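The values are calculated or read from the model by the stated rules, or taken from the named source; none is laboratory data. Just so it is clear, the model here is predicted, and its values are computed rather than measured. Neighbour counts run over all protein chains shown; Cβ positions are idealised from the backbone, glycine included.
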Amino acid sequence: DTAVSQTPKYLVTQMGNDKSIKCEQNLGHDTMYWYKQDSKKFLKIMFSYNNKELIINETVPNRFSPKSPDKAHLNLHINSLELGDSAVYFCASSHPGLAGADTQYFGPGTRLTVL
Amino acid sequence: GEDVEQSLFLSVREGDSSVINCTYTDSSSTYLYWYKQEPGAGLQLLTYIFSNMDMKQDQRLTVLLNKKDKHLSLRIADTQTGDSAIYFCAEKKTGGSYIPTFGRGTSLIVHP
């Protein structure tokens, strides 16, 4: 019955490693997103995909590479992890909905800790 | 300044009403949203209001929109300890990106 799911929920890794976070939505939405939430709870958009095509790529280091194998999945790969990458990463999806409200449905988050 | 501003903390007593305020800068905003984030969880949409409305009520929640002052508020009646969470205000502008802009969130603490 899960709407937007992410794996893993927790990720602890060393600086310099490469890691991936996976996201899946079963809502039939066309658009998916990755957000980063820092320790002060500030939520920042990183990427947006619509029907497997990259729509928005905010100012994010190119160590971060999203991949969308199909419109239900959006994965995030991070190369050469840095201490500043420690945060909670949220996947979300949306659909224009009634009158274009574009309500966002969020996953539970992946807490990444870089040591 | 930021596009969407909220105060960071609000503390209320159980049973009282809570009012969480938000100001935004873009008068062309079409939709304004309130999301709730419980500890260790993702954001969950509580309610949204279209910019041609002044008020929207949904059970214990009342949203008020003052377009002239670009001010949005969320009132929670009879606040319960389960309402303790971070509440995010967000706006979506007409045209251009369909991604809402989020405020920094208001931590609501409900104490007995």
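Under the condition of being modelled with pLDDT of 90 or more and at the interface with another protein chain (Cβ under 8 Å from one of its Cβ atoms), which residue from segment A:32-44 is nearest to A:Ser94 (Cα to Cα)? Result: A:Tyr33.
Yes/no per residue for (1) within 14 Å of another protein chain (Cβ to nearest Cβ); (2) surrounded by 21 or more Cβ atoms within 10 Å (Cβ to Cβ); (3) hydrophobic (A, V, I, L, M, F, W, C); (4) in a strand (DSSP E or B):
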{"residue": "A:Met15", "(1), (2), (3), (4)": "no, no, yes, no"}
{"residue": "A:Cys23", "(1), (2), (3), (4)": "yes, yes, yes, yes"}
{"residue": "A:Met46", "(1), (2), (3), (4)": "yes, no, yes, yes"}
{"residue": "A:Ile55", "(1), (2), (3), (4)": "yes, no, yes, yes"}
{"residue": "A:Ser68", "(1), (2), (3), (4)": "no, no, no, yes"}
{"residue": "A:His77", "(1), (2), (3), (4)": "no, no, no, yes"}
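Are any residues in segment B:27-41 at the interface with chain A (Cβ under 10 Å from one of its Cβ atoms), assigned to a strand (DSSP E or B) and not polar (S, T, N, Q), and if so, which ones? Within segment B:27-41, B:Tyr31, B:Tyr33, B:Tyr35 qualify. Residues that are closer than 29 Å to A:Asn50 by Cβ, modelled with pLDDT under 95 and not in a strand (DSSP E or B) occur in segment B:73-95; there is at least one.
A:Pro61 meets the conditions (1) within 14 Å of chain B (Cβ to nearest Cβ); (2) without any contact (Cβ under 8 Å) to a residue 60 or more places away in the chain; (3) not charged (D, E, K, R) in every case but one. The failed one is (1).
Identify, please: which residue in segment A:33-73 is among the charged types (D, E, K, R) and within 13 Å of the chain's Cα centre (by Cα) and is, among those, farthest from B:Ile99 (Cα to Cα)? Break it down stepwise before answering.
We begin by selecting, within segment A:33-73, every residue among the charged types (D, E, K, R); these are A:36, A:38, A:40-41, A:44, A:52-53, A:58, A:63, A:67, A:70-71.
Okay, now just the ones that are also within 13 Å of the chain's Cα centre (by Cα), so A:36, A:44, A:58, A:67.
Details: A:Lys36: 14, A:Lys44: 11, A:Glu58: 11, A:Lys67: 19 Å.
It comes out as A:Lys67.
There is at least one residue in segment B:40-53 that is touching a Gly at 6+ places or on another chain (Cβ under 6 Å), crowded, with 19+ Cβ neighbours inside 10 Å and not β-branched (Val, Ile, Thr). Taken together, the criteria exclude B:Lys93 from residues that are out of contact with any Ser or Thr (no Cβ under 8 Å at 6 or more places or on another chain), farther than 15 Å from B:Glu5 by Cα, surrounded by fewer than 19 Cβ atoms within 10 Å (Cβ to Cβ) and basic (Lys, Arg). Please state which of the following conditions A:Ala92 fails to meet, knowing it meets all the rest: (1) more than 14 Å from chain B (Cβ to nearest Cβ); (2) aliphatic (A, V, I, L, M); (3) under 11 Å from the mean Cα position of the chain (by Cα). That leaves (1) as the condition not met.
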